[in-house]
Structures are given as structure tokens and as C-alpha cells.
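A short worksheet on the structure shown next.
Read-outs throughout are calculated quantities, based only on the coordinates presented, and are distinct from any laboratory measurement. All values derive from a computational prediction rather than experimental measurement. Glycine also receives a Cβ, built like all others from the backbone with ideal geometry; neighbour counts cover every protein chain displayed.
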Amino acid sequence: VAEKAQYKESIKKLLKEKNAVLIAHYYTDPEIQALAEETGGCVADSLEMARFGNQHEADTLIIAGVKFMGETAKVLTPEKTVVMPTLEATCSLDLGCPIEQFDAFCNEHPDRTVVVYANTSTAVKARADWIVTSSCALEIVEHLEEQGEKILWGPDRHLGNYIQKQTGADMLMWQGACIVHDEFKTKALVDMKALHADAAVLVHPESPAEIIDLADAVGSTSQLIKAAQELPNKKFIVATDRGIFYKMQQLCPEKEFFEAPTAGEGATCRSCAHCPWMAMNGLQAIEEALVNPKGKEVFVDMNLRKGALRSTNRMLEFSA
Ligand code: CIZ
Ligand code: SF4
């Protein structure tokens, strides 16, 4: 505990000295989210993180999250120094969508508008016509469907299937998945619901369809946090990364939150409702990134940047 307090003090001092700001995702550990809030940074979903970094006057952005979030920040503000606690923090959606294969898939379907989830590399974003995050995906696909466009969607198949069902759009899917949300189990959730009959079930749409079918509210992290505040229930079963409990508990101290059941427990559990890459964002790693950014700074290819900026700005302008 004493050690943690020292790290926090040191980070606060360094943020000021370097005119840096800490931007954390809802899935990072509670102490990181608390520190971001205390120091005038932000805790947000990937869309709001991108906006906040884009508008902030700091010279250096410390992005506590996963690689694609750092890359998005660099694409939007190339003049800033963008640093991450570790560049090893990636995402199974990003890993599962390599540009060579994705480009070939797009080339086979030239008649389709390419819509990709923000959880992708700069190269994949540059290949796309549109970027979406889970908080604006529905509206953007609805808009494209109204224009009569056929869509090629990547990489998350669960989110894609959910949006397809909601909008009726013609969508061809890349078959990626998030290792955290893919683990939620239907039967165990049905049992848990029976045990807490008065609980509302909150589900992130990166989860399998059978889990989404059991939900009282489906949405992005920020939308689920809103649902926790607005629904009258006193108890909630939550199917997304448990990092989100920090914000839910803070905003609804009188309510109770339970993790939705995952496949494995203990040793067999790969991700158990907490993203292993988000978990790499520790206090020590943040301090190190501030002291010596070497090896932790995010760079993007300037040619790819142009394309990624075009598709990312389309999203930001649409959802402004
Ligand atoms: O699962 C993720 O990585 C999410 C929800 C990202 C985001 O859009 O905030
Ligand atoms: Fe990627 Fe899933 Fe981790 Fe989000 S929670 S960063 S989608 S692996």
C-alpha cells in the first residue's frame, strides 16, 4: 500500500512536470481509473478517450488501455507525444484481423462499404471506409443501410451479428472475437438470473448472441454505465470486463453489481471477465512511461495515418 501511494505521488508530480495527461479506459484497474480522475485526465470508452485526447492541450498523452487506443490518439494528434504504460497491451480483435488477410477479403467484395470496429490496427483503419465503436455502431450502420449500402464488417462477429439483427442491414462478417466477452456462458447466466430474480442483466454486444438474448440492456461501456444509473433495479448482473464496476459503483453506491459467469474458473480461466491486456496497465508501468518514454512511445506510419484519419474523422463527425 505504501508503495502504491509512492507511485501515485510520483505520477502526479511527473504529469505536471511533463505537461502530460492520463487517459484511462473503463476496463483498466480501479486505481488507474481513480488516478486519471484525480489528476484531471479522464476515464472513458474508446470513443470518448479519442475525443478527450484530441481536444486536450497537454503535450503528452498517457494512454492506459490497449494498443489501438494509443494508435488512434497518435493518428488524431501526431504532433503530441503519445505514450503507453506498455506497448505489449494488445487486443484479440486487433490480433485476429491482420491487414494482409483483411485487405484480401475486402478486395473480394469491392461492392461493399468497409466498416471496422475501432479495435483494429492503423493499417486496417486505413483500409476501411468507416470506423465505429460500440457506442456509435448502431447509428452508423443504420445510416448506411438507409443509403442502401451493403456492408463488409470486421472484426467482431458478435457485435456484427447484433447490429445486423437490430438494423436488418446486409452485412458480411469477418470472424473475430473478444476473448473476454466470448467467455460468458449462457446456462450459468440463466442459473444466476434465477438466483437474483430482481437483478437486471447488462450486456456488452461483444458477447455471444445467447448472452445478449438474456439482457435487459445491451450497449457500449458508457451506455451500460448509464443503464445502471437509470434502471430502477437495485442489483445488476454485468457481462463485460469487471473494470467497469469501478465507475458503476462510484455512480450508484447503493446498488449491487455481480459479474456474469464465465467458462473457466481458477487455473483454466484465460480472461475471466478481465482483459489480460488491460491488466498490464499498472502504476509502476505508468511511472516508467513518464520517466523514460523510450520503447513506450506510439508511432504510426504517416502514409497509413492519412487513411486512418479519414475513416476515424468520419466517425467523430457523424457522432459529434
Ligand atoms: O472491449 C473493448 O475493448 C471496448 C468496449 C472498447 C471501447 O469501445 O471502449
Ligand atoms: Fe480487446 Fe476484448 Fe480486451 Fe477489449 S476486452 S481490449 S475487445 S480483448
If the Cβ limit is 8 Å and pairs must be 6+ apart or interchain, which residue in the range 172-190 that is farther than 12 Å from His158 by Cβ pairs with which residue that is within 13 Å of ligand 1 (Cβ to nearest atom) and among the aliphatic types (A, V, I, L, M)?
Leu189/Ala239
Exactly one condition in (1) touching a residue at least 60 places away in the same chain (Cβ under 8 Å); (2) more than 20 Å from Lys247 (Cα to Cα); (3) hydrophobic (A, V, I, L, M, F, W, C) is false for Val43; which is it?
(2)
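Among the residues of the range 42-61 satisfying the criterion of being farther than 29 Å from Ser207 by Cα and touching a strand residue (DSSP E or B) at 6+ places or on another chain (Cβ under 8 Å), which is nearest to ligand 1 (Cβ to nearest atom)? Spell out the reasoning first.
Step one: of the range 42-61, the residues farther than 29 Å from Ser207 by Cα are 54-61.
Next cut, touching a strand residue (DSSP E or B) at 6+ places or on another chain (Cβ under 8 Å) only: 56, 58-61.
Numbers: His56: 18, Ala58: 21, Asp59: 25, Thr60: 22, Leu61: 16 Å.
Residue satisfying both the conditions and the ranking: Leu61.
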Scan (1) within 16 Å of ligand 2 (Cβ to nearest atom); (2) not in a loop (DSSP other than H, G, I, E, B) for the single condition Leu61 breaks and write down its number.
(1)
Restricting the search to the range 137-151, which residues are surrounded by fewer than 24 Cβ atoms within 10 Å (Cβ to Cβ) and outside any helix (DSSP H, G or I)?
Gln147, Gly148, Glu149, Lys150
In the range 98-114, is there at least one residue being within 16 Å of ligand 1 (Cβ to nearest atom) and in a loop (DSSP other than H, G, I, E, B)?
no
With respect to Val82, determine if the residue is in a strand (DSSP E or B), away from ligand 1 (no atom under 16 Å from the Cβ), free of Cβ contacts under 8 Å to residues at least 60 places away in the same chain and surrounded by 19 or more Cβ atoms within 10 Å (Cβ to Cβ).
no
Looking at the range 116-136, which of its residues are in contact (Cβ under 8 Å) with a residue 40 or more places away in the chain and not in a loop (DSSP other than H, G, I, E, B)?
Val116, Tyr117, Thr122, Ala123, Lys125, Ala126, Arg127, Trp130, Ile131, Val132
Kindly indicate which of Ala118, Ala126 is within 13 Å of ligand 1 (Cβ to nearest atom) and over 30 Å from Lys234 (Cα atoms).
Ala118
